[in-house]
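Enquirer: Got a structure here, written out as structure tokens. Questions coming.
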Protein chains: 2
Amino acid sequence: MTAESLSKERLRLWLRMLRVTRQVESELRERLRTEHDSTLPRFDVMAALYAAEEGLKMNELSKRLRVSNGNVTGIIDRLVEDGAVERIAIEGDRRATRVCLTSAGRESFRAMAVEHERWINALFEGVTEEDAHHIGELLHRLPAAPHDASLS
Amino acid sequence: MTAESLSKERLRLWLRMLRVTRQVESELRERLRTEHDSTLPRFDVMAALYAAEEGLKMNELSKRLRVSNGNVTGIIDRLVEDGAVERIAIEGDRRATRVCLTSAGRESFRAMAVEHERWINALFEGVTEEDAHHIGELLHRLPAAPHDASLS
DNA sequence: TATAAACTTTTTAAGCTTAAAGTATTTTCC
DNA sequence: GGAAAATACTTTAAGCTTAAAAAGTTTATA
């Protein structure tokens with residue numbers, strides 16, 4: 001195979017991945033909106049906080065989700081308004097704040113997470129366990145393989 | 001395998017796809033910005049217009065890119081400002097407009113497209129032609145497989 | 001031919017996203 | 001101790017994104 005055709009094949013693969021990912025994101029966004037009055041970014045933030053027993057600092061959240069600092073500030077602002085999250089001062093460092101789910105936030109997340117997994121399972125109906133495993137392996141060879149295992 | 005573990009495996013696959021896709025998008029966005037003073041949405045729109053000899057109506061563009069009408073309006077507004085695109089009245093239907101790349105727009109897109117393919121090829125360096133082909137096939141089983149071949 | 005329905009696009013309001021600049025605080029190190 | 005650098009976060013400006021509403025135009029139909 002020529003380098004030419006390899007390059008084209010990789011480009012095709014990328015476009016296909018992009019299309020599938022956008023479609024799934026769009027479905028998730030729609031359902032979070034209509035069924036939970038929420039959004040995908042909010043869900044992502046809440047998932048990260050749910051997994052962290054003691055909450056996270058803003059910059060940890062930002063690193064973990066790979067989004068900008070300012071972006072996290074805005075999303076947290078809104079989650080605080082909604083009563084799902086609280087900012088807690090950190091002893092001995094007045095620059096930073098720790099962010100935690102409130103118990104209402106935890107409850108709300110649990111409800112979304114159960115459905116989220118159901119939605120994904122349905123959307124990926126055509127994918128067998130073997131397929132999933134196989135694609136997963138191949139994805140490791142793609143960019144952004146988790147250099148930091150804690151982020152994957 | 002239990003339905004339980006299949007569901008978990010699919011969820012893991014989704015999260016991995018999402019991570020890879022976001023990483024690649026982030027790289028592309030960064031390079032379009034620094035090297036071409038452009039953005040990914042602009043690139044997508046220009047790609048669609050480049051492929052359409054006679055340009056496209058706004059709603060065709062919107063359908064093809066799977067983004068909202070209002071979104072397309074804004075992107076086209078900015079491309080028109082930049083002189084990359086022009087709106088052309090359609091004979092016999094004063095509701096619609098046809099949108100075309102200007103020759104400056106075509107030239108600018110060509111330059112970006114060449115590099116874009118190079119970037120993807122480098123980012124997907126670890127993927128052989130076989131892999132690419134294989135994942136591509138599997139992706140057909142995922143949601144949003146092109147029901148309309150003209151959109152893939 | 002009216003007028004209702006459908007279509008095409010833009011506008012609006014709200015939120016997400018980034019990079020860059022700004023503010024405050026802590027750490028480094030001379 | 002004090003200046004400089006690093007760190008943590010927020011603000012700002014610009015653009016992307018959506019859903020819903022609005023405005024104008026065309027088509028269907030009664």
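The values are calculated or read from the model by the stated rules, or taken from the named source; none is laboratory data. These numbers come from a predicted model, not from an experiment. Neighbour counts are summed over all protein chains in view; Cβ atoms, including those assigned to glycine, are modelled from backbone coordinates with ideal geometry. For accessibility, only protein heavy atoms count, side chains too; no ligands or nucleic acids. Shrake-Rupley method; radii C 1.70, N 1.55, O 1.52, S 1.80 Å.
Enquirer: How much accessible surface area, in Å² rounded to 10, belongs to the heavy atoms of A:His133 with a 1.4 Å probe?
Expert: Taking all protein chains as shown, A:His133 has close to 110 Å².
Enquirer: Let me ask something else about it. Leaving out ligands, DNA and RNA, calculate the buried accessible area for the pair A and B with a 1.4 Å probe, summed over both sides, in Å² to the nearest 100.
Expert: Working: alone 11190 and 11160 Å², together 16870 Å².
Looking at A and B, the buried total is near 5500 Å².
Enquirer: Could you name the aspartates and glutamates whose alpha carbon sits less than 17 Å from that of A:Lys57, not counting residues in the same chain fewer than 8 places away?
Expert: Leaving aside aspartates and glutamates fewer than 8 places away in the same chain, those within reach of A:Lys57 are A:Asp44, A:Asp77, A:Glu86, A:Glu91, A:Asp93.
Enquirer: For label points placed 7 Å from Cα toward Cβ, what is the shortest-first list of nm distances from B:Asn59 to its copies?
Expert: 5.1
Enquirer: Further question on the same structure: Find the chain B residue whose Cβ sits closest to the rotation axis that carries B onto A, and give that distance in whole Å.
Expert: Whole-Å result, nearest residue of chain B to the axis: B:Thr21, 2.
Enquirer: Give me a single rounded figure for A:2-15: the average over its residues of other chain Cβ atoms within 10 Å of their Cβ. The partial results should precede the final answer.
Expert: Numbers: counts 1, 1, 0, 1, 6, 8, 5, 10, 13, 9, 5, 11, 15, 4.
Per residue, the average neighbour count from other chains is 6.
Enquirer: Please compute, for peptide A:110-120, the average count of beta-carbon atoms on other protein chains lying within 10 Å of each residue's beta-carbon. Write out the running numbers ahead of the final one.
Expert: Details: counts 0, 0, 0, 1, 0, 0, 2, 5, 2, 2, 9.
For peptide A:110-120, the averaged partner shielding equals 2.
Enquirer: Between B:Ile90 and B:Ala122, what is the FRET efficiency for a Förster distance of 41 Å, r being their Cβ-Cβ separation, to the nearest 0.05?
Expert: Numbers: r = 41 Å, r/R0 = 1.01.
Here the calculated transfer efficiency is 0.50.
Enquirer: Moving on. Please give the helix A:40-51 orientation as an angle from the longest Cα principal axis of chain A, in degrees from 0 to 90, rounded to the nearest 10.
Expert: That works out to roughly 70 degrees.
Enquirer: Put a point 7 Å out from Cα along the line to Cβ at A:Asp82; what are the distances to that point in the other copies, in nm, shortest first?
Expert: With the label placed 7 Å along Cα→Cβ, A:Asp82 yields 3.3 nm.
Enquirer: Please list A:His134, B:His116 from largest to smallest accessible area, probe radius 1.4 Å, with all protein chains kept in place.
Expert: Details: A:His134 70, B:His116 15 Å².
My answer, sorted largest first, is A:His134, B:His116.
Enquirer: Explain nothing, just the number: dipole magnitude of the protein assembly as shown about its Cα centre with +1 on each Lys and Arg Cβ and -1 on each Asp and Glu Cβ, in debye rounded to the nearest 20. Mind showing how you got there, number by number?
Expert: Numbers: 46 positive and 52 negative charges, 114 e Å.
Dipole of the protein assembly as shown, to the nearest 20 debye: 540 debye.
Enquirer: On to the next question. Name the residues whose placed amide hydrogens come within less than 5 Å of the amide hydrogen of B:Val85, ignoring near sequence neighbours (fewer than 5 apart) on the same chain.
Expert: B:Val80, B:Thr102
Enquirer: Run the quick spin-label model on B:Glu53 and A:Arg22: label points 7 Å from Cα toward the beta carbon, then report their separation in nm to one decimal.
Expert: 2.5
Enquirer: Then there is this: Note the distances from A:Glu137 to each other copy's matching label point, with points 7 Å along the Cα-to-beta-carbon direction, in nm, sorted shortest first.
Expert: Result, one decimal in nm: 1.5.
Enquirer: Taking 0.36 nm per intervening residue step and subtracting the Cα-Cα distance, what contour gain separates A:Arg106 from A:Glu137 on full extension?
Expert: Details: separation 31, 0.36 × 31 = 11.16 nm, distance 3.21 nm.
Full extension from A:Arg106 to A:Glu137 adds 8.0 nm.
Enquirer: Kindly report the accessible area of chain B per residue (heavy atoms of protein chains, probe 1.4 Å, no ligands, DNA or RNA), in Å². Could you put the intermediate results ahead of the total?
Expert: Values: 8430 Å² over 152 residues.
About 55 Å² of surface per residue is accessible.
Enquirer: Could you work out how far helix A:3-36 tilts from the main Cα principal axis of chain A, as a 0 to 90 degree angle to the nearest 10?
Expert: Between the helix axis and the principal axis of chain A, the angle is about 40 degrees.
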